[in-house]
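See below for the structure under consideration.
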Amino acid sequence: MPGYSYPLGDAVKRARDRLGLTQGEVADAIGKDARTVLNIENYKGNPKMEVLYPLIRALHIDAREIFNPELQRDTPAIWKLRTLVEDCSEEEAEAITEVLQAFLKAVRENRKVDI
């Protein structure tokens, strides 16, 4: 089994569970058979781009979960934050970036004082 099968299968299963979807519902959403999703989740699938692309999009998977699993920080809070940011316009993202940078700076400086 190729090493990339594990991050892909794990990411698909996590995302499907998070969205409350069955393998059949995911398969319907991407126009494939449920066995395709089952095989991917069981690390037996080696999907072509024509399956992988719609699968990642349908499940809102951050491709870094698959291609850079060592960077994975898939906690509920991080996922929710990522989802909110992805729904922003460019103008909203710029405003949020400034606010978030100021907030993080204040929190991190406060943390240093407490230590």
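The values are calculated or read from the model by the stated rules, or taken from the named source; none is laboratory data. Here the structure is a predicted model, which means the values were calculated and not measured. With ideal geometry, Cβ positions are generated from the backbone for all residues, glycine too; neighbour counts draw on all protein chains shown.
Assorted remarks:
- Counting only residues that are assigned to a loop (DSSP other than H, G, I, E, B) and either surrounded by fewer than 13 Cβ atoms within 10 Å (Cβ to Cβ) or without any contact (Cβ under 8 Å) to a residue 12 or more places away in the chain (or both), the range 22-38 holds 3 of them.
- Here Arg82 does not qualify as among the basic types (Lys, Arg) and surrounded by fewer than 13 Cβ atoms within 10 Å (Cβ to Cβ).
- Test: Lys112 is over 19 Å from Tyr6 (Cα atoms), modelled with pLDDT under 85 and over 19 Å from the mean Cα position of the chain (by Cα): yes
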